[in-house]
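One structure is given here, and the rest of the page talks about it.
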Amino acid sequence: MSRLRLLVGFLSIVLLLAAIGAALFYSRMKASLPVLDGTVSTPALSAEIKIERDHLGVPTITAKNRLDAAVGLGFLHGQERFFQMDLARRRAAGELSALFGKKAINADKRVRMHAFRPLAQQVLASLPKEQTTLLEAYASGVNQGLQSLKSPGFEYMVLRAKPQPWKPEDSILMIYAMTLDLQEDRANYEQSLACVRDVLGSAAVGYFAPLIGPDDAAIDGSLAPLSPMPTARQINLRALPAHPQHDEALLEKLRDDTVLPGSNSFALSGERTANHGALLANDMHLTLRLPNIWYRASLVFPDAVSGEQLRVVGVTLPGTPLVVAGSNGHVAWGFTNSDTDSSDLVVIDPSSIDPSVYMRGKDLLTIEKRRDTIEVKGDDPVTVEYEWTVFGPVVGQNAQGRRLAMKWTMDDPQAANYALVDMESAKTLEDAIAVAHRSGIPAQNIVLADQTGRIAWTICGKLPKRVGFDGRLPTTWTYGDRRWEGFLSEAEIPVVIAPSSGQLWTANNRVIDREDLIRLGDGGYERPQRAARIRDLLTPLQNAKPRDLLNIQLDTGAPYLNRWHELLGKILDEKAVAEKSERGKMKQALQPWAARADADSVSYRLVRRFRQHVVERVFPSLFERCIDVYTDFSYRRFHIEEALWDMVQKQPAHLLAADYNSWNDLLLAAVDDVLDELKRDHLPIERANWGRLNTARIMHPLGRVNGLIGKWLSMPEDMLSGDYDTPRVQAPDDGASERLVVSPGHEDEGIFEMPGGQSGHPLSPYFSAGHEAWVRGEPTPFLPGKTEHTLVLTPAEASTR
C-alpha cells in the first residue's frame with residue numbers, strides 16, 4: 001500500500017505541475033493577444049489615427065497622412081503577424097538557423113549564396129527619400145506594436161527565443177522572400193532544358209518542352225503545331241543498354257509532373273459589365289499556411305498632391321507598408337506570377353592552365369571565393385563558401401563539366417524598390433502602367449482596371465535587356481556578343497490595352513508572342529489548360545456582375561481530361577476486365593462524368609490519377625539519363641500534355657520503355673497503379689472521391705514541427721474541390737491565398753475570400769474568421785463591415801487601455 005500511495009502521490013505532483021505549466025502557458029498566450037480597443041501612445045506618429053475592426057478583424061486605418069497610415073499598419077502587423085514576418089526576413093537572409101538550430105542549416109546555406117541581407121542594405125541606401133521614410137515609419141510602427149504586447153508571440157515562448165526589432169532593411173528582404181517563392185534561385189528550369197538538349201537532343205526539347213504549342217491560351221491568340229516526334233535514330237529506349245538504378249528520391253522527381261501553384265487574374269471591359277465599370281478578379285495561388293500570407297486592410301488618408309481623401313482597400317503583405325493588390329476607387333490591380341525569364345545561365349570558359357581562371361573578352365578573371373558565417377542556435381557557427389563570377393554565383397555545371405554562373409535580376413540592387421506604393425494614388429490606367437514599369441518586385445503579370453471601364457495587362461517589375469541571344473538555354477558570354485544591357489526600358493515592356501468590349505486573362509501562361517516574347521523570355525510558363533478554361537468562361541459573359549467572375553474563380557472544370565476519360569474506358573475492354581474484376585468496378589465508376597474536380601466525384605479522381613500514373617510510367621525512362629548529368633533535373637515546367645497524348649495515340653515503340661511489350665501494357669499498368677493506390681488506402685472504389693485525396697492541410701509552421709499542437713494550430717481537414725489545372729486551383733496545402741473581385745468606384749459591390757483569418761494568434765477570435773466562407777466559396781464583402789472594435793493610436797506620451 002505504501003508503494004501505491006507513493007505512486008499516487010508522484011502522479012498527483014506530476015499532474016499538478018502539468019496543470020500549473022498549462023495555466024502559465026495559457027496565461028502567457030493571453031498576454032500576447034493584440035490590443036483591440038482603447039488608446040495607445042505611438043511616438044512615431046505626427047497625428048492621431050483611428051483603427052476600426054469589423055467582425056472578421058479587418059481594420060480600417062484612418063490617418064492624416066500616408067506616413068502615419070504606415071505606422072498604423074506596421075503596428076497591426078507587429079501585433080498580429082510578427083512571427084510570420086520574422087520567418088520571411090530570416091528565410092531571405094539565410095538566418096533561420098539562429099532561431100531553429102541545425103535543422104535549418106541547409107536552407108540557410110542555399111540562400112546565403114545571394115547575400116540578400118547586405119544587398120537589402122545596399123538597396124535601402126539607394127532608395128528615394130520618400131520610400132526610405134515610408135519604410136522607417138512602418139518599422140517604427142511594427143516595433144511599437146510588438147512592444148505594446150504584454151508578452152511576445154507564443155512562438156517565441158515555444159522556441160525559447162526573443163523577437164528582434166524590425167529594421168527598414170527587413171522590408172527590402174520581404175521583396176527577396178517573395179522572389180524565393182516566385183522564381184528559381186538556381187535556374188532549375190534552364191538547367192533542365194539544357195540537360196534534355198545535351199542528353200536527348202534538340203528535337204526532344206522542341207517536342208517535350210515547346211515554348212509555343214497547339215493548345216496555348218495567349219491573349220493574342222498565338223499558337224504553333226506540336227513539333228515532330230523524335231525519331232528512333234534520335235531516341236530509342238528499346239536499344240539503350242541497361243541503366244544503373246538511381247536513388248529512389250531522384251526517381252521520384254521523374255514521376256511528378258504536377259504544376260507549381262499559380263495564380264489567376266482576369267478582367268472585363270465596361271461594355272460587358274452590369275455597372276459599366278471595368279471588373280477585375282484576382283486569386284493568387286500560393287502555399288497555404290497559418291496565418292495566411294496576406295493581411296486585409298483599408299487605408300484612408302489624403303493624397304499628398306491633390307488632397308483628395310483616398311481609400312485603398314485590399315491585401316497587404318506583413319513586413320511591407322503597402323496594399324499589394326486591391327482598389328483605390330480609381331484603379332484596381334491584381335497579380336499573377338509572370339514566369340518570364342529573369343535570369344540566365346552563363347557557361348564559364350576556363351583557362352586551360354588554371355580552372356579557377358576564366359575569360360571575358362580578352363580579360364582573364366579569377367573565380368572569387370566568398371565566405372560567410374551562419375549563426376546556429378545551440379551550436380557552433382557554420383562557415384560556408386561560394387564561387388562567384390562577374391556574372392553571378394556558380395550554381396552548377398553543364399554536361400561538359402563547365403561551370404554555370406547565374407546572372408539574375410534580383411542580384412542587382414536596382415531591381416528592388418518600393419515604387420509600387422504609388423499605385424495607391426494612381427488615377428488612370430496610364431498612371432498605373434507607369435507605376436508598374438518603375439516598380440522593383442519579382443516580375444509579375446499585372447492586370448489593371450480603371451473607373452472608366454478600361455482594362456490593361458503589362459509586366460510589373462524589372463526584366464533584363466538581352467543582346468545577341470534569347471536566354472532560353474545556357475550560353476557563353478566570353479566574346480561580348482551575348483550580354484545584358486541593363487533592364488528593359490518602359491517603352492520596351494509590352495502593354496495590352498483591351499478594346500471597350502474586350503477581356504484579359506493570365507494564369508501564369510505565356511501571354512504574348514513574337515518580338516514581345518523574345519523580350520520577356522521563357523522562365524517556365526505554366527501549361528495552358530487553366531488559362532484556356534478561364535478564357536472560355538469569360539468569352540460569353542455580358543452584363544457581368546462580381547459573382548459571375550467569382551464563379552469562374554471557383555470553377556472546377558478540366559475539359560482536357562475528357563479524352564483521358566474516353567481512353568480509360570477503351571482500355572478497360574472485355575479482355576482487361578476479365579483478367580481482373582476490380583477493373584470492371586473501375587469502369588463502372590467512370591460514370592457519371594462531368595470533367596470536374598469536385599470533392600465528391602469518384603470518376604474525376606480515377607481519370608486524373610490514371611493520367612498521372614501514365615506520366616509516371618512514360619517519362620522516367622525517357623529522362624532517367626538526364627539526372628546523371630543534373631541531379632536536380634525536373635520536367636515540371638515542361639508542357640508535356642500534347643506530346644504525351646501524341647505518344648499515347650501513335651504508340652511509338654522507340655519511346656516505350658523496355659519494361660513493356662506494348663503501349664497497351666503500359667496503359668493497363670497505369671490502371672492497376674490506380675487500383676493499388678486505393679488498396680493501400682483501404683478505400684473501396686465507390687468511396688474513392690476526389691476530396692479524400694484533396695483534403696486540406698493548412699496549419700501554422702510550428703504545427704508541422706510539433707505534432708502535439710498541430711491540430712490546435714490547423715484549420716479543419718475539409719475535402720476540397722479544385723485541382724492544379726482548373727481555375728479553382730487547389731491542393732491540400734496550395735491554392736487561392738485570396739479571392740477578390742472588384743470594380744473600381746463600385747467597391748461596395750466587391751467580393752473577397754481568404755483562407756484562415758486575420759490574426760496569427762490561435763486564441764484570437766480572428767484566427768479562423770472567414771475561413772469557412774473560403775472553403776465553401778461563399779462571397780463576403782470586399783469592403784470592411786460594421787465596426788466592432790476601435791483602437792486609437794496617438795502621438796501623446798500617455799495612453800490608457
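The values are calculated or read from the model by the stated rules, or taken from the named source; none is laboratory data. Bear in mind the structure is a predicted one, so any value in this text is a computation, not a measurement. A quick note on method: Cβ atoms are made from the backbone with ideal geometry, for glycine too, and the neighbour counts reach across all protein chains shown. Surface accessibility is based on the protein's heavy atoms, side chains included, excluding ligands, DNA and RNA. Shrake-Rupley method; radii C 1.70, N 1.55, O 1.52, S 1.80 Å.
Length, then width, then depth: along the principal axes, the Cα atoms of the range 418-515 run 51, 28, 21 Å. Charging the Cβ of each Asp and Glu at -1 and of each Lys and Arg at +1, and nothing else, the dipole of the range 255-364 about its Cα centre rounds to 460 debye.
For the range 350-441, a/c is not less than 1.5, where a ≥ b ≥ c are the root eigenvalues of the C-alpha gyration tensor, and a/b does not top b/c. That puts it in the oblate class.
The separation of the range 572-594 from the range 108-142, counted between C-alpha centres, amounts to 60 Å.
Judged by the ratio a/c of the largest to the smallest principal axis of the C-alpha gyration tensor, the chain counts as rounded, that ratio being less than 1.5.
Straight-line cross-link partners of LYS545 among the lysines, defined as a Cα under 24 Å from its Cα and at least 8 positions apart when in the same chain: LYS427, LYS786. Placing unit charges on the Cβ atoms of the charged side chains and taking the dipole of the chain about its Cα centre, the candidate lying farthest along the positive direction among ILE235, TYR358, GLN144 is GLN144.
What accessible area per residue comes out for the chain, rounded to a whole number of Å², with a 1.4 Å probe? Normalised by residue count, the accessible surface of the chain is 40 Å². Selection among ASN689, VAL447, LEU200 by position relative to the dipole of the chain gives ASN689 as farthest towards the positive end (Cβ unit charges, Cα centre). For the chain, the longest principal axis of the alpha carbon atoms and the long axis of helix 529-538 meet at an angle near 70°.
When only alpha carbons are used to place a centre, the range 413-460 and the range 662-712 end up 41 Å from one another. Residues whose amide H lies under 5 Å from that of LYS545, counting only those 5 or more places away or on a different chain, are ALA274; hydrogens are built 1.01 Å from N in the peptide plane. Ligands, DNA and RNA left out, the accessible area of the chain computed with a 1.4 Å probe is 53% carbon and sulfur. A probe of 1.4 angstrom, applied to the heavy atoms of all protein chains, finds LYS369 with accessible area near 100 square angstrom.
Put the Cα centre of the range 740-801 next to the Cα centre of the range 165-223 and the gap is 35 Å. Look at the dipole of the chain built from charges on Cβ: of ILE709, TRP408, PRO732, the Cα furthest out on the positive end belongs to ILE709. Charge dipole (Cα centre; +1 on Lys/Arg Cβ, -1 on Asp/Glu Cβ; no other charges) of the range 102-188 amounts to roughly 520 debye.
Charging the Cβ of each Asp and Glu at -1 and of each Lys and Arg at +1, and nothing else, the dipole of the range 359-455 about its Cα centre rounds to 520 debye. The long axis of helix 2-31 is offset from the longest Cα principal axis of the chain by roughly 80 degrees. With contributions of -39500 (n - 2.57) from each DSSP H run of at least four residues, the per-residue ellipticity at 222 nm computed over the chain stands at -10500 deg cm²/dmol. Evaluated at q = 0.10, 0.18, 0.21 Å⁻¹, a Debye calculation over the C-alpha positions of the range 635-791 (equal weights, vacuum) places log10 I(q)/I(0) at -0.61, -1.20, -1.37. Against the chain, whose longest principal axis comes from its Cα atoms, helix 562-571 is set at around 40 degrees.
In this simple spin-label model, placing a label point 7 Å from the Cα along the Cα-to-Cβ direction at both LEU365 and LYS150 gives a separation of 5.9 nm. Straight-line reach from LYS575: taking Cα to Cα under 20 Å and skipping same-chain neighbours fewer than 8 places apart, the lysines in range are LYS585, LYS587. Need one word for the range 732-772: rounded, prolate or oblate. Basis is the Cα gyration tensor (sqrt eigenvalues a ≥ b ≥ c); a/c below 1.5 gives rounded, then a/b vs b/c decides. It is oblate, given that a/c is not under 1.5 and a/b is not larger than b/c.
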